[in-house]
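S.K.: Attaching a single structure in C-alpha cells format; questions to follow.
Values quoted throughout were computed directly from the atomic coordinates according to the rules given, and no laboratory measurement underlies them. Being a predicted model, the structure only gives us computed values, none of them experimental. Methodologically, a virtual Cβ is constructed for each residue, glycine included, from the backbone with ideal geometry; neighbour enumeration extends over all protein chains shown.
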Amino acid sequence: MSDTIKRTAVVTGGNRGLGAASAKALLAAGHNVVAIYIGRVDDAHAFKKETGIDVYKCDVSHFAECREVFGAIEKKYGTIDILVNNAGITRDSFLHKMEHKQWEDVITVNLNSQFNTTRQVINGMRERKWGRIINISSINGQKGQFGQTNYSAAKAGIIGFTKALAQEGANKGVTANVICPGYIMTEMTGAMQPEILEAIRQGIPMGHLGEPNDIGDMVAYLASDKAKFITGATFSINGGQHMA
C-alpha cells in the first residue's frame, strides 16, 4: 500500500454490494476494515469468514446504537480513520401515494445516518489532523428519479451534507467527498425485470452497467494519501448516463 500508516476503516452496509466492494478494496490497500451490517446475520458472518473483514451489527438510523458500536470498534482498533457511509434503503412510491412511513424510513436510514455515524468519528479525526469521510450518494440524488422523491431527496441531502462538512474539516486534515454511482451490477439490479434493465442499459452511453469494483476502487483512492487535496468533490460514476 502507498500509505505508510495502517489505518482503520469502517464501511456501513459493508458486507454486500457496493459496500462489500469498498470494504475489500480498502482491505487490499492494507487497512484494517470493519463492515457494519444490520440484517442477514449468516451472510455477514460468511462475509467475514471469506474475507477476514471484521463485522459489527449496528442500526445506523439510531444515534445511541452508533455511539455504542463505534465506541467498541475504537476500543478494539484504537482509532477510526476512514468512514464510508454506504448504508441505504429504498421504499419507492409516487408521492401522491406515498405513506409517511415510506418517506420517514428512507430519510432516517439514508440521510440521518450520515450524522449518526460521522458524529462518532469527526472529533477524533480533527484531533489527529487526518481523516477520510466518503459518502455514497446516487445518480438519482443528482437528477431525481420518477417514483423516488424520498430516495432522491435523501441522496441529494448527502451531497449538501458532505460539501458543508468538507469546509469544516479542510484545515484539520479531514476530507469529505461524495461518490454518486449510476446503475451497477449488484443483487438489487440483478433482481430487476429484464426489460427494465435493458431499457436502463440502453440509456447508458457506455452501453453497459458498472461493476462494484468501479465504486470500490474510487473509495480506496479517496481514502489514500494520494487524495489529500481532494475535498468537497462529487464523483459521478455512471458510464456517462448523467453528466453533472
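S.K.: So for the stretch 101-175, Kirkwood radius off the Cα pairs, Stokes-Einstein at 37 °C and 0.692 mPa s: how many µm² s⁻¹?
M.R.: Rounded, D is 252 µm²/s.
S.K.: Give the order of 47, 146, 115 when sorted by the count of other beta carbons within 10 angstrom, beginning with the fewest.
M.R.: So the residues, fewest neighbours to most, are 146, 115, 47.
S.K.: Moving to a separate point now. Sequence-distant or interchain residues sharing an amide H contact under 5 Å with residue 210, placed H: which?
M.R.: Residues meeting the amide H criterion: 183, 184, 185.
S.K.: Using amide H atoms built in the peptide plane, which far-off residues or other-chain residues are under 5 Å from residue 34 H to H?
M.R.: Residues meeting the criterion, in which the H sits 1.01 Å from N, are 9, 10, 11.
S.K.: Cross-link list 6/226; 76/226; 6/75; 57/226: which exceed 25 angstrom alpha carbon to alpha carbon?
M.R.: Beyond 25 Å between Cα atoms: 76/226; 57/226.
S.K.: At 7 Å along the Cα-to-beta-carbon direction for both residue 74 and residue 199, put a label point, then send me their distance in nm to one decimal.
M.R.: Between residue 74 and residue 199, the label points sit 4.8 nm apart.
S.K.: Order of 68-75, 177-184 by packing, highest average Cβ count within 10 Å first?
M.R.: By packing density, highest mean first, the sequence is 177-184, 68-75.
S.K.: Given the stretch 60-142, what whole percent of its Cα pairs are spread farther than 15 Å?
M.R.: So the portion of pairs separated by more than 15 Å is 63 percent.
S.K.: Compare the Cα positions of 223, 106, 47 along the charge dipole of the chain (+1 at Cβ of Lys, Arg; -1 at Cβ of Asp, Glu; about the Cα centre) and return the one farthest towards the positive end.
M.R.: Final value for the positive-end residue is 223.
S.K.: Further question on the same structure: Can you check how the C-alpha radius of gyration of the stretch 137-244 compares to 2.2 N^0.38 Å, as a plain ratio?
M.R.: Against the empirical 2.2 N^0.38 Å value, I get 1.16 for the stretch 137-244.
S.K.: Peptides 15-26, 92-103: what's the order by average Cβ count within 10 Å, highest mean first?
M.R.: Ranking the peptides 15-26, 92-103 by packing returns 15-26, 92-103.
S.K.: Shifting gears a bit: Just tell me, in residue order, which DSSP H segments of the chain are both 18 angstrom or longer along the helix axis (alpha-carbon based) and at least -1.0 in mean Kyte-Doolittle hydropathy.
M.R.: Both cut-offs are met by 63-77, 149-169.
S.K.: Please list the non-local residues whose amide H lies under 5 Å from the amide H of residue 236, H modeled 1.01 Å from N, same-chain partners needing a gap of 5 or more.
M.R.: 180
S.K.: Taking the highest mean first, how do the peptides 119-132, 214-227 order by number of other beta carbon atoms within 10 angstrom per residue?
M.R.: Taking the mean over residues of other Cβ atoms within 10 Å, the ranking is 214-227, 119-132.
S.K.: Can you sort 37, 77 so the residue with the fewest Cβ neighbours within 10 Å comes first?
M.R.: 77, 37
S.K.: Using the crude model of +1 on Lys and Arg Cβ and -1 on Asp and Glu Cβ, and no other charge, please compute the dipole size for the stretch 8-233 relative to its Cα centre, in debye to 20.
M.R.: 660
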